[in-house]
1. When you go through (1) in contact with a Leu (Cβ under 7 Å, 6 or more places away or on another chain); (2) more than 11 Å from every other protein chain (Cβ to nearest Cβ); (3) surrounded by 21 or more Cβ atoms within 10 Å (Cβ to Cβ) one by one for B:ALA576, which number turns out not to apply?
2. Here is a list of conditions, (1) more than 14 Å from chain B (Cβ to nearest Cβ); (2) in contact with a helix residue (DSSP H, G or I) (Cβ under 9 Å, 6 or more places away or on another chain), and A:PRO316 meets all of them except one; can you say which number that is?
3. Of B:GLU220, B:GLU252, which residue is more than 14 Å from chain A (Cβ to nearest Cβ), open to solvent by 40 Å² or more (accessible area, probe 1.4 Å), modelled with pLDDT of 95 or more and in a helix (DSSP H, G or I)?
4. Taking the range A:143-153 as the region of interest, how many residues are assigned to a helix (DSSP H, G or I) and over 18 Å from A:LEU264 (Cα atoms)?
5. So is B:GLU371 surrounded by fewer than 24 Cβ atoms within 10 Å (Cβ to Cβ) and within 14 Å of chain A (Cβ to nearest Cβ) or not?
6. If B:CYS526 satisfies all but one of (1) at negative phi; (2) modelled with pLDDT under 95, what's the number of the condition it fails?
7. Just one of the numbered conditions (1) under 25 Å from the mean Cα position of the chain (by Cα); (2) over 21 Å from A:LEU219 (Cα atoms); (3) open to solvent by less than 30 Å² (accessible area, probe 1.4 Å) is not true of A:ARG166; which one?
8. Which condition does B:ASP291 not pass, out of (1) open to solvent by 10 Å² or more (accessible area, probe 1.4 Å); (2) in contact (Cβ under 8 Å) with a residue 12 or more places away in the chain, if it passes all the others?
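The values are calculated or read from the model by the stated rules, or taken from the named source; none is laboratory data. Quick caveat, the model's predicted, so the values are computed rather than measured. Positions of Cβ are backbone-derived with ideal geometry, glycine not excepted, and every protein chain shown enters the neighbour counts. Areas reflect the complete protein model, heavy atoms only, side chains present, ligands, DNA and RNA absent. Shrake-Rupley method; radii C 1.70, N 1.55, O 1.52, S 1.80 Å.
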2 protein chains.
Amino acid sequence: MTNKDEIDTTIVTSVAPTASARVQLRPLDATGVVIEDGLLAERQRVNRAVTLLRGAEELERAGTLENLRIAAGRARGSRRGMVFSDSDVYKWLEAIAWEIGREPSAELERLAHETIGLVGAAQEPDGYLNSWCQVVDPAWRWTDLEMGHELYCAGHLIQAGVAFARTTGDVSLLTIARRFADLICDVFGGDDNTGTDGHPGIEVALVELYRQTGERRYLELADTLTSRRGFGTFAGGRFDLEYYQDAEPVREARSIVGHAVRALYFAAGVTDIYAETGDEALLESMLRQWDDLTAAKSYLTGGVGSRHYGESIGDPYELPPDRAYCETCAAIASIMWNWRMLLVTGESRFADLFERTLYNGFLSGHSLDGESFFYVNALQSRTGDRRHTWNPVACCPPNVMRVLASLHHYLATTTDSGIQLHQYASSRIRAVCPAAGPVELAVNTDYPWSGAIEVEVVSTGDAEWTLSLRIPAWARAAILDGAPVEPGSYAELTRNWRAGDKVTLEIDVLPRLTAPNPRIDAVRGCLAVERGPVVYCLEEQDLPAEADLASVAIDSVADPVDHGPVEPLGGVPGVALAGVVRDLERWRQTEYRDLQELPATVSAAPTQLLAVPYFAWANRSQGGMRVWIPTTD
Amino acid sequence: MTNKDEIDTTIVTSVAPTASARVQLRPLDATGVVIEDGLLAERQRVNRAVTLLRGAEELERAGTLENLRIAAGRARGSRRGMVFSDSDVYKWLEAIAWEIGREPSAELERLAHETIGLVGAAQEPDGYLNSWCQVVDPAWRWTDLEMGHELYCAGHLIQAGVAFARTTGDVSLLTIARRFADLICDVFGGDDNTGTDGHPGIEVALVELYRQTGERRYLELADTLTSRRGFGTFAGGRFDLEYYQDAEPVREARSIVGHAVRALYFAAGVTDIYAETGDEALLESMLRQWDDLTAAKSYLTGGVGSRHYGESIGDPYELPPDRAYCETCAAIASIMWNWRMLLVTGESRFADLFERTLYNGFLSGHSLDGESFFYVNALQSRTGDRRHTWNPVACCPPNVMRVLASLHHYLATTTDSGIQLHQYASSRIRAVCPAAGPVELAVNTDYPWSGAIEVEVVSTGDAEWTLSLRIPAWARAAILDGAPVEPGSYAELTRNWRAGDKVTLEIDVLPRLTAPNPRIDAVRGCLAVERGPVVYCLEEQDLPAEADLASVAIDSVADPVDHGPVEPLGGVPGVALAGVVRDLERWRQTEYRDLQELPATVSAAPTQLLAVPYFAWANRSQGGMRVWIPTTD
């Protein structure tokens, strides 16, 4: 059953809904989008110049590439690393594919070509490909669906294959991936093996493979694997059923639970399946789960995952800043899910959460110099955390690379009637939409540091169409061409646009204080500082000499104000806060005191505090950090 | 090298320092102490009537006894349960030994006799005894010191053997234990195997075996195993070195770190080694670690262990109430350590922490009906936790049993000049001290519910001696025979006592509010309720109908008052709190808000709240609980 007529493989983007997909918005052909300047451009530049190349070195150093050589019979030795480490190679390849699509690179192309050759050489005649099984124990194949990550790794192989086919037209990796996918369809598509993977991830990949090839059985397998979840397949496993999203069938699920990355990859896949099948029960579940996530289970940074144990989403309102897990991969999975929810619904709240996660819980996982990473992104550290150059569980670094290399895919979309801008960066955006024909926009802004955004229509077809601009819900105010517009939705301008037309949007990005829901026990009595979409934090090294991160408190009445550029952090804007340093000396060596013994007030000396962007923390010397700051009240 | 002349094996108690030990205080012969009435008597009664017998059933049901039968060749089958499950049998046997010493029981004696026979039958000819090794893999012996728990299990075997020898004179289990201990001395005492156990526990046992037998090499091995720790023996293991107390040599350690039970069992052993060797570096380390624990790493309940991950002590001030681990075994280990620190120093602060832990973090682990247990003792539960009747990791239940069966060991001590009362319960206390000769005291009190304690001298030698009564540091005031005495020390009465003399101590146990150190982020803006040594909590089922545990707040100005008996909890006294129910409706579906959007006040309706003893929570229907209560400020 194929319906290749639905497929348009000329649109290069990481998520490419078919013509019949239930989407309100359509991604652009990303080859026409260039982020030219500003924070996101700098992150893409660093990713290309430093991080992707470092990835090659680290995959070699960790033995991850060597594992494939051993599987291919090109080397001898013992397999090294985690059971799922093949996926690190595939994510890195996917990142290279998007990066090459952005701008050719002989070096990256050579690395990709070599590695794709290696992957092909490692593949078994029947299409199977997994170095753990092939090197360590051939009898292991499909025997440990709970923790073996075979389908998860296959999913990343497929995503990389699709990416190369889209950006370069080279289908060699796609062909490898498809042979494996065909084997998986044969093994899992019928009634012989009714299992599913303990770690979701293959679902998005199979939908994209369907979108790329028109082969409907890939979509059907994605649906089948999804529908098998929720019946206690993993009962008696290492964790409870929620961990694997196996406690409730997805169509009935009321809440988002379990291992954060698994839950969010799964949600991305389910949303994709809805888009291609129109199964409304899936969309309703996704909306319920998103409401649950944003009502009580997500961090101010967009990070998800409250528990180290099981790397999991906790109970509602269980959001400790210090023991926040907020794995970088969970932020990435949330970005993936929110992009798909945005396409499916057209609602700005999904682009808002995409933005919050991008600038905070995601960017925090990558050092400013591109050399190191956070796996865990806590919102408070008493002793200071060190970024790692790689990790025995190396899922996050290449995952960061693929998101950065494809950031430009997520700026804008089209509908029949116009173009929508979701994320703001100085950029060129070429789009085609039925109402307007080919359009080119030039966006000029220093967003997120400035809220001033100028959109120029560089060229357009001669017709009326609508330009929609997201006004973030966090904005206190926004002014579009002189008139106030409502935050939390899209401002729409329907005009007969001409080349040279300019639109000016001014979003209020003044620093502001943010209060937590009183049900979030772990940050009671604290406020956070935000500036535009960027969450700020205090770093120990910026404190007055006599203070520490426990003794400072801020005045909730005084407005935070801009401090000017913080040079050691590349000139990002700092925020100045009025506060005090409290004298906690009488609490030395005492954890708890009879309230009657306490004097009514703690002596406190006024001070000014410098807050810096959370994502930029831990880029100087080691020291503590906190996002939520006690108030003087 | 033996010095049997130092040993007095006629003194029946769980910790029996030698005559030359560096102790300020000496335990009593526990056969002369009877807790007659009140809370502790009831816990001992339930332990005897319900819990110890349930232990026999559960050890059978879990296969723990069957494992020993298989090892003994008396049964066939596969081994079941955790690698360390033999220790569950030994802890349960130790509990029976102390219980028989308290009051004979034909049924318990029969169970013990049968089980000791089984343990002996399972022992290898060379003395080795571990059902995992014997049943699963004989080649495993001493190969997994990090996680194998072989020496840990041996330690519990030794402690049980010592207990039977002391209470019944039956040395059959001691003989088995000693044969194994001799093998361990041969294997680990020299330079052939320089390892030590990943899980401390054998140290206290070896010291007690030395104390029981006079064989100095057991003490020396305890010292050797202790001194080997701190040099990275477990580098490259599953956890970091701190987990195993292997990051710093104990004599240099500045802080208490790692797996809570391991850290505290180790501390108990180190204190015992100090007591018998006089190695001052060990005592200094213990004092530093105790200060570290009580300054920043212990819960109001006395519980220890802030992290589920690694069951570990966290960073200083990292004390989340909801994700508190506070394993029941950690409370028990803390009780063990504090008893030893009390003996060694004679300082009341150790008896204070013993008391805090006993009435809160320890008793919470045992249901009122004696049928079920908590492994984790959180200070907040949003959804309600269920006690378990047993657990795949069944370390806590039999550990609870041995503490309850030996509670009477810990009421009092002697010095050359008198008798010291540390824990108060209606009891008969027979003691012998050089100054007084044989003395019998009758204590009458409803402590901890009442602070009125009457001590009657039932009989005494005709000489002047000193009666010392601990005045808890938590007390706002105390009056001894009409005169105020200072909390936080011992009130001393030196008299020529006569039979019939009575002393009346009145400790203020009125309900009080307790504030946390501002550095403890997780409970900022909250207060706790205490009454005497008992920590209280709110249980969801006691709230007004319109309230939940997040919406209530208490007035920090109004004093909490007695509410009267709470009948569903066996008539324990409740505490009434003036508070409010806050209307949090506008926070529905919203985690974070711009502070400018918030109205200045939240509407709140006055209410009265009922607090119940924390240890008694989760004994009715399932529901949430919190110890730390937000204030209206």
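1. Going through the list (1) in contact with a Leu (Cβ under 7 Å, 6 or more places away or on another chain); (2) more than 11 Å from every other protein chain (Cβ to nearest Cβ); (3) surrounded by 21 or more Cβ atoms within 10 Å (Cβ to Cβ), B:ALA576 breaks only (3).
2. (1)
3. Details: B:GLU252 fails: in a helix (DSSP H, G or I).
So the residue among B:GLU220, B:GLU252 that is more than 14 Å from chain A (Cβ to nearest Cβ), open to solvent by 40 Å² or more (accessible area, probe 1.4 Å), modelled with pLDDT of 95 or more and in a helix (DSSP H, G or I) is B:GLU220.
4. Filtering the range A:143-153 for residues assigned to a helix (DSSP H, G or I) gives A:150-153.
Then keep just the ones that are over 18 Å from A:LEU264 (Cα atoms); that gives A:150.
Total meeting the criteria: 1.
5. So B:GLU371 does not fit the description; no.
6. (2)
7. (2)
8. B:ASP291 satisfies every listed condition except (2).
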